[in-house]
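Comments concern the structure below.
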Amino acid sequence: MIKPFRLFSAEPTFDFMRWHKPLAALSVVMIVASILLIAFKGLNFGIDFSGGILMEVRGEQAADLGALRSELSTLGLGEVQLQEFGQPTDVLIRIQRQEGDQAEQLAAVETVKEALGEGYEFRRTEFVGPKVGGELIESAIWALLIAIGGIMLYIWFRYEWQFACNAIIALVHDCVTTVGLFALLGLDFNLATVAAVLTIAGYSVNDTVVIYDRIRYEMRRYKKMSMQDLINMSLNRTLSRTTVTSGLTLMSVLALLFFGGEVLRSFSAALTWGIVIGTYSTIYVATPLLLYMNLRSVAVRMAQHAAEAKKAADSRP
């Protein structure tokens, strides 16, 4: 019989809960710092949110995005984004909104056309105004709130409300610190970043649910064990799975970060931070909070209800 792969040869006995109070303080500091950075420094909104110029061009041969990006970046038009669109010969060019009125936007389009020359067919040109960008910001916020609400309802239904509340606290911690990192480093915040934040929320809650399931299972087996010891045992018994899953995912995302190019830079940076902070928050935010939720009394009531139901079933003719 083939044994499953385990990162640790024997069951580890790390005392995770020993450091949960100072690390909880660190989490509070990170959240407060992130909120202050977002409020006072602000985010470096990309074209999706701040508005700008969108051009679709087709070349005679497969486009060299690196060379095109280098050429257009020297035109003094501000932020320029390029990506392959459909076929290898098609390129989508995004240019940040220029200072001034419509004439300035048209002048920027003519500058790009002159730089590219006659070897390209200009198939589409659109102008994204700040009003559209504001609507996208509102839609992004609603998408994040709906995702978090749906996750909370699922965990509430699957476990108890204590688990759901703690999982949401951890999710908010992950999402806020991710956005705070973008404010701190001035990274481009666009729709791809929003998609990364939603991905982080799903990834983080997946890890949290695995550990929550182990904690609930152990609570039924060890009814007299203290919650701190039980949580430590549960974390150690899922440590191999957590380490392997997070480690392999992080390796894939790091490949995107270093070799994916400028187009994927913001997305992969958000995912890299999200995997690290999501694993951390599962162990030191979502799980330690269960110590203060009086879960033992909940487990006792559940056991009593189960015993009463079994007794009633056995007494029936």
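When P(r) over Cα pairs in 10 Å bins from 0, in percent is computed from the coordinates, the matching label among [x] 5, 21, 25, 19, 13, 9, 5, 2, 0, 0; [y] 6, 29, 39, 23, 3, 0; [z] 6, 27, 35, 24, 7, 1 is [x].
Here the 3J(HN,Hα) profile of the range 43-55, calculated from phi with Karplus coefficients 6.51, -1.76 and 1.60 at θ = phi - 60°, is 9, 8, 5, x, 4, 4, 9, 8, x, x, 10, 10, 10 Hz, Gly and Pro shown as x. Straightening the chain between D101 and F122 buys 5.3 nm, computed as 0.36 nm per residue apart minus the Cα-Cα spacing.
Classify the range 62-102 from the C-alpha gyration tensor, please: rounded if a/c falls under 1.5, else prolate or oblate depending on whether a/b exceeds b/c. Oblate. The three principal axes of the C-alpha atoms in the range 52-128 carry coordinate ranges of 35, 22, 20 Å, sorted with the longest axis first. A dipole drawn for the range 52-128 from +1 and -1 charges on Cβ atoms has a positive end, and of V91, A67, G78 the residue lying farthest that way is V91. Each Lys and Arg contributes +1 and each Asp and Glu -1, all at the Cβ; summed about the Cα centre of the range 52-128, the dipole is approximately 160 debye.
Here the gap between F157 and A255, fully extended at 0.36 nm per residue and compared with their Cα-Cα distance, gives a gain of 31.6 nm.
Largest GNM mean-square fluctuation among T282, T272, T111, using the chain with Cα springs under 10 Å: T111. Helix 239-259 and the longest principal axis of the Cα set of the chain meet at an angle near 0°. Tilt of helix 191-221 relative to the longest C-alpha principal axis of the chain, in degrees (0 to 90, nearest 10)? In the chain, helix 191-221 runs at an angle near 10 degrees to the longest axis.
Of the residues G260, L36, P12, the one whose Cα sits farthest toward the positive end of the charge dipole of the chain, with +1 on the Cβ of Lys and Arg and -1 on the Cβ of Asp and Glu, is P12.
Positive-end ranking of A167, L144, L185 along the dipole of the chain, with charges on Cβ about the Cα centre, is headed by A167.
With everything on Cα atoms, drop me the angle between helix 20-36 and the longest principal axis of the chain, reported from 0 to 90° to the nearest 10. The helix 20-36 is inclined about 30 degrees to the chain. As a rough guide to protection, the peptides 203-215, 239-251 ranked by mean Cβ packing within 10 Å, highest first, stand as 203-215, 239-251.
Number of Lys-Lys pairs in the chain with C-alpha atoms under 23 Å apart and a separation of 8 or more places or on different chains: 5. Around the Cα centre of the range 74-114, unit charges on the Cβ atoms of Lys, Arg, Asp and Glu (plus for the first two, minus for the last two) sum to a dipole of about 100 debye. Rounded to the nearest 20 debye, the dipole magnitude of the chain is 2720 debye, with +1 charges on Lys and Arg beta carbons, -1 on Asp and Glu beta carbons, and the Cα centre as origin.
Comparing A269, A103, A167 in a Gaussian network model of the chain, where Cα atoms under 10 Å apart are tied by springs, the biggest mean-square fluctuation is seen for A103. The distance from the alpha carbon centre of the range 31-94 to that of the range 150-167 is 39 Å, rounded to a whole number. Taking θ as phi - 60° and the Karplus parameters 6.51, -1.76 and 1.60, the scalar couplings of the range 83-90 work out to 7, 5, 10, x, 8, x, 7, 9 Hz in sequence order, x denoting glycine and proline.
Computed from the coordinates by the stated procedures, all read-outs in this text should not be read as laboratory data. Keep in mind the model is a prediction, meaning the values are calculated, not measured. Virtual Cβ from ideal backbone geometry, glycine too; neighbours counted across all protein chains shown.
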